[in-house]
Amino acid sequence: DLGEYEHYMLKEIFEQPTTIENAMRGRLNYDEATAIFGGLNLSSQQLRQIDRIVLTACGTSWHAALVGEYLIEEFARIPVEVEYASELRYRNPPMSDQTMVFAITQSGETADTLAAMKECKRKGHTTMAICNVVGSTIAREADGGIYLHAGPEIGVASTKAFTSQVTVLTLLALYLGRMRHLSYSAGQNIIRKLKDIPKQVEKALECHEAVKTIAEKYASMNNFLYLGRLYNFPVALEGALKLKEISYIHAEGYPAAEMKHGPIALVDEQTPSVFIVPRCGIYPKVISNLQEVKARKGPVIAIACEGDDRVAELADDVIYVPDVDECLQPLVASIPLQLLAYHIAILRDCNVDRPRNLAKSVTVE
Ligand code: F6R
């Protein structure tokens, strides 16, 4: 079952070119420059009326929701709120009649996500599930939804489900966008780039050996910061969560520019910062955030685009990933972070597939 791999987590990391492809299969319509979903069970008139979207989830799925917020707001100009399901279920936020709710969940069994969804449903909102496990409770309770088709995820730390969630959210943003502000050519452009992603993720996986070497250098450290901006801010949160979960190292994800408002006080020679610095509109700003850390003697591991020599001069270590469109960067930038957490955990003799205190699906509050 594990094939050539030593652990499910590693196997699932390496499955991602295929699972991302599967999340897109049959869902791209190049001629109409949009996405197609079979299971939303709503007419385009009904979808056109949505004036607000709430994405609710826990853990890694909540991080995917944050990427979804950026994507949907950018492509479709619909206001999006991302809510921890455990908070939403007991809160009573004002929600307009035309607010649609998406529960994002790998297992489809997370108790808080189910309860939040039911509460929204009771109030009369249309609720959708973005879910991996077919026929799971949340998939059945929802009015409609989108399956990830990622196949069973065995490793407790979610990897392939995350990139599949981000892929599906990208398609959803494209779909809602094409009903509103996104032009035909912009839609086609996104589809072209999406089709290329499985290949780019395959390339990103080539960093495996480099990451292994870097992991050896940092495995004994006890505090990490993960920093990124815009689409890569949720990726930083997710990178930090992966490290915490499987290696039991304290790690915090932050928007890189927020550092100077507090967390920079943590920086010292023993506190590495993992910076996600792809080429993007605010590249110079991220670089200056990186320099602020270096100036305080903090070791920097940078995730950068191939050919970026500037970062190589500044950072202690660089992991290169392919250069893709800004909105698709989370799909490639997550790969080295998953691998880094995996190798550090192995070096610290941790049980990567079954980390302590955690369960694959959290069916208690
Ligand atoms: C992290 C992880 C958890 C889950 C969370 C939600 O690696 O696995 O944080 O993401 O418990 O689970 P689902 O997506 O099944 O609702």
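Values in this text are rule-based calculations from the coordinates and carry no lab data. In this text the structure is predicted, and so the values were computed from the model without any measurement. No Cβ is skipped: glycine too gets one built from the backbone with ideal geometry, and neighbour counts run over all protein chains shown.
With +1 on each Lys and Arg Cβ and -1 on each Asp and Glu Cβ, and nothing else charged, work out how big the dipole of region 37-182 is about its Cα centre, in Debye to the nearest 20.
Values: 13 positive and 14 negative charges, 63 e Å.
Here region 37-182 has a charge dipole of around 300 debye.
In order along region 90-100, phi translates into HN-Hα couplings of 10, 8, 9, x, x, 9, 5, 4, 9, 8, 10 Hz, rounded to whole numbers, per the Karplus curve 6.51 cos²θ - 1.76 cosθ + 1.60 with θ = phi - 60° and x for Gly and Pro. Volume per residue of the convex hull around the Cα atoms, evaluated for the chain, comes out as 132 Å³.
Expressed in units of 2.2 N^0.38 Å, where N is the residue count, the Cα radius of gyration of region 305-365 is 1.55. Ranked by the mean number of other Cβ atoms within 10 Å of their residues, highest first, the peptides 145-155, 347-357, 289-299 fall in the order 145-155, 289-299, 347-357. Put a dot 7 Å past the Cα of ASN223, heading toward its Cβ, do the same for SER361, and the two dots end up 3.9 nm apart.
Quantify how much of the Cα-Cα distance distribution of region 92-200 extends past 17 Å, in percent. Roughly 60 percent, once rounded to a whole number. Applying a threshold of 29 Å to the alpha-carbon distances of LYS195/LYS294; LYS242/LYS294; LYS193/LYS294; LYS11/LYS244; LYS242/LYS285; LYS217/LYS285 flags LYS195/LYS294; LYS193/LYS294 as lying beyond it.
The alpha-carbon atoms of region 183-271, seen along their principal axes, cover 49, 34, 21 angstrom, with the largest extent given first. Available extension along the chain between LYS260 and LYS212 is 14.2 nm, counting 0.36 nm per residue and deducting the alpha carbon span.
Taking amide H as placed 1.01 Å from N in the peptide plane, the amide H of CYS305 sits under 5 Å from that of ARG279, VAL321, each at least 5 places away or on another chain. Multiplying the residue separation of LEU2 and THR18 by 0.36 nm and subtracting their alpha-carbon distance yields 4.2 nm.
Seen against the Cα atoms of the chain and their longest principal axis, helix 329-347 is set at about 50 degrees.
Note on the chain: with charges restricted to the Cβ of Lys and Arg (+1) and Asp and Glu (-1), its dipole about the Cα centre is near 760 debye.
Using the crude model of +1 on Lys and Arg Cβ and -1 on Asp and Glu Cβ, and no other charge, please compute the dipole size for region 158-217 relative to its Cα centre, in debye to 20. Numbers along the way, then the final one.
On the way: 10 positive and 5 negative charges, 59 e Å.
Dipole about the Cα centre, nearest 20: 280 debye.
In terms of the mean number of neighbouring beta-carbon atoms within 10 Å, the peptides 98-104, 68-74, 333-339, 34-40 order highest first as 333-339, 98-104, 68-74, 34-40. The mean sequence separation of alpha-carbon pairs under 8 Å and at least six residues apart, normalised by the residue count of the chain, gives a relative contact order of 20 percent. Take every DSSP beta bridge whose two residues both sit in the chain; close to 5 percent of them are antiparallel. Taking all C-alpha pairs of region 206-319, those more than 17 Å from each other amount to 50 percent.
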